[in-house]
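The values are calculated or read from the model by the stated rules, or taken from the named source; none is laboratory data. In this text the structure is predicted, and so the values were computed from the model without any measurement. Please note: Cβ atoms are built from the backbone with ideal geometry, for glycine as well, and neighbour counts cover all protein chains shown.
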Amino acid sequence: MAIITFKSNEIKETGQTLSIAAVATKMAIEHNYKILVISTDFQDKTLEDCFWEQEKAPKLFSGFMKPATVGVQSGIDELVRVISSNKTNPGIIKNYSRIVLRDRLDVMPGSKAKSNEEYERIAANYPEIIQLANNYYDIVLVDLGKRMSEQNANRIVEVSDIVVVNLTQRLKNIDDFVEIRESDDFYKRRNIMLLIGRYDSFSKYNTKNITRYLKEREPVGVIPYNTLYFESCSEGKIIDFFLKMRNIDNTDRNYLFVKEVENFVSKIIYKIQELQMKI
């Protein structure tokens with residue numbers, strides 16, 4: 001139904017991976033979509049570590065969650081080997097992903113390539129794999145690796161229905177984005193969404209001022225910095241975190257974080273519905 005790629009032009013930390021993990025988890029828990037999150041980096045387990053304690057299977061949550069097999073052959077590396085033998089069908093993607101929430105959320109681990117050259121050869125297969133996944137899952141969320149070549153990254157962006165550009169609150173990063181946006185026709189596409197990760201509401205570069213500075217018609221999305229969330233990700237307990245936060249009220253110190261994630265999920269769903277109406 002929709003391929004949504006999270007990307008950043010910033011070399012420094014934007015919180016992109018933890019932002020996509022938050023969006024995917026909240027969307028899977030609250031909405032009846034079959035979702036796949038694809039990590040496209042290599043030798044980086046940040047995304048996986050959000051959902052699983054290292055070398056341990058996840059807990060069960062009242063039948064809502066199905067345990068993933070630890071040590072199974074999963075991820076892009078094994079999948080590319082299968083695809084190279086012409087054994088391709090949309091359902092095969094699930095066999096090389098790990099289950100987080102049964103029938104709701106799967107994660108495809110990133111490459112374990114030993115070198116950058118090997119990684120780029122594997123990365124060249126992502127567009128085909130992402131499009132195959134889109135024929136099986138309702139929503140495919142792609143965490144675009146920063147170490148990927150521009151050529152391979154652009155090919156992934158080209159098959160995407162929505163691109164979420166991740167920004168920081170650093171003025172230089174914002175100015176760099178303005179410069180790139182003005183010179184690159186890609187950013188004139190209407191299916192671009194802007195998101196600030198690790199957001200600090202006390203900064204003078206808040207969402208209101210940044211939205212005005214960028215002359216955006218809609219407020220720029222934010223994922224606030226939240227200590228408990230970041231700790232939960234480092235411990236592989238992101239599912240615990242969001243399940244516990246389902247019924248919090250506005251007096252809870254985590255309320256703003258959960259509300260902003262919810263707001264951005266709603267924006268994505270609205271954008272998907274807009275695109276579906278145009279088909």
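Would you check which residues across the range 238-249 are more than 17 Å from the chain's Cα centre (by Cα) and either touching a residue at least 12 places away in the same chain (Cβ under 8 Å) or closer than 20 Å to Val107 by Cβ (or both) and list them? Don't jump to the end; show me each part of the working.
In the first step, residues of the range 238-249 are kept if they are more than 17 Å from the chain's Cα centre (by Cα); the result is 240-241, 243-249.
Of everything in the range 238-249, those that are more than 17 Å from the chain's Cα centre (by Cα) and either touching a residue at least 12 places away in the same chain (Cβ under 8 Å) or closer than 20 Å to Val107 by Cβ (or both) turn out to be Asp240, Phe241, Leu243, Met245, Arg246.
Could you grab the pairs with beta carbons closer than 6 Å, sequence gap of 6+ or different chains, first residue in the range 44-59 and at pLDDT 55 or above, second one crowded, with 19+ Cβ neighbours inside 10 Å and in a loop (DSSP other than H, G, I, E, B)?
Close Cβ pairs satisfying both conditions: Asp44/Gly110; Glu48/Pro109; Trp52/Pro58.
Name the residues in the range 151-180 that are within 17 Å of Lys271 (Cα to Cα) and touching a Pro at 6+ places or on another chain (Cβ under 6 Å), would you?
Val159, the sole residue that qualifies.
Quick one: which residue in Val100, Val80, Val23 is within 18 Å of Ile122 (Cα to Cα) and at pLDDT 75 or above?
Val80
As an exercise: evaluate Gly75 against (1) surrounded by fewer than 23 Cβ atoms within 10 Å (Cβ to Cβ); (2) at pLDDT 95 or above; (3) in contact with a strand residue (DSSP E or B) (Cβ under 7 Å, 6 or more places away or on another chain) and give the number of the one condition it does not meet.
Going through (1) surrounded by fewer than 23 Cβ atoms within 10 Å (Cβ to Cβ); (2) at pLDDT 95 or above; (3) in contact with a strand residue (DSSP E or B) (Cβ under 7 Å, 6 or more places away or on another chain) one by one, Gly75 breaks only (2).
Need pairs with beta-carbon distance below 9 Å; first residue without any contact (Cβ under 8 Å) to a residue 12 or more places away in the chain and within the range 117-136, second among the small types (Gly, Ala, Ser); sequence gap 6+ or separate chains.
Sorted first by the residue in the range 117-136, then by its partner, the pairs are Glu118/Ser111; Arg121/Ala113.
What number of residues within the range 220-250 satisfy the criterion of being loosely packed, with under 14 Cβ neighbours inside 10 Å, touching a helix residue (DSSP H, G or I) at 6+ places or on another chain (Cβ under 8 Å) and of a type in the set (Asp, Glu)?
Counting residues in the range 220-250 that are loosely packed, with under 14 Cβ neighbours inside 10 Å, touching a helix residue (DSSP H, G or I) at 6+ places or on another chain (Cβ under 8 Å) and of a type in the set (Asp, Glu) gives 1.
Where the second residue is charged (D, E, K, R) and buried (at least 23 other Cβ atoms within 10 Å of the Cβ) and the first is under 25 Å from Val178 (Cβ atoms) and lies in the range 1-27, which pairs have Cβ atoms under 7 Å and are six or more apart or on separate chains?
Once the first residue is under 25 Å from Val178 (Cβ atoms) and sits in the range 1-27, its partners that are charged (D, E, K, R) and buried (at least 23 other Cβ atoms within 10 Å of the Cβ) give Phe6/Asp143; Gln16/Asp143; Thr17/Asp143; Ile20/Asp143.
Counting residues that are within 17 Å of Thr25 (Cα to Cα) and in contact with a Phe, Trp or Tyr (Cβ under 7 Å, 6 or more places away or on another chain), which helices (runs of 4 or more DSSP H) fully inside the range 177-279 reach at least 2? Steps first, answer last, please.
Values: elements: 207-214, 227-234, 238-244, 255-278.
Because the criterion is at least 2 residues that are within 17 Å of Thr25 (Cα to Cα) and in contact with a Phe, Trp or Tyr (Cβ under 7 Å, 6 or more places away or on another chain), the helices (runs of 4 or more DSSP H) in the range 177-279 that meet it are 227-234, 238-244.
Against the conditions (1) over 25 Å from Glu274 (Cα atoms); (2) more than 19 Å from the chain's Cα centre (by Cα); (3) surrounded by fewer than 15 Cβ atoms within 10 Å (Cβ to Cβ), where does Asn206 fall short? Just the number, please.
Going through (1) over 25 Å from Glu274 (Cα atoms); (2) more than 19 Å from the chain's Cα centre (by Cα); (3) surrounded by fewer than 15 Cβ atoms within 10 Å (Cβ to Cβ) one by one, Asn206 breaks only (3).
Taking the condition exposed (fewer than 14 other Cβ atoms within 10 Å of the Cβ), at pLDDT below 95 and either aliphatic (A, V, I, L, M) or in a loop (DSSP other than H, G, I, E, B) (or both), does Lys66 pass?
On the way: exposed (fewer than 14 other Cβ atoms within 10 Å of the Cβ): no; at pLDDT below 95: yes; either aliphatic (A, V, I, L, M) or in a loop (DSSP other than H, G, I, E, B) (or both): yes.
Here the answer is no, as Lys66 does not meet what is asked.
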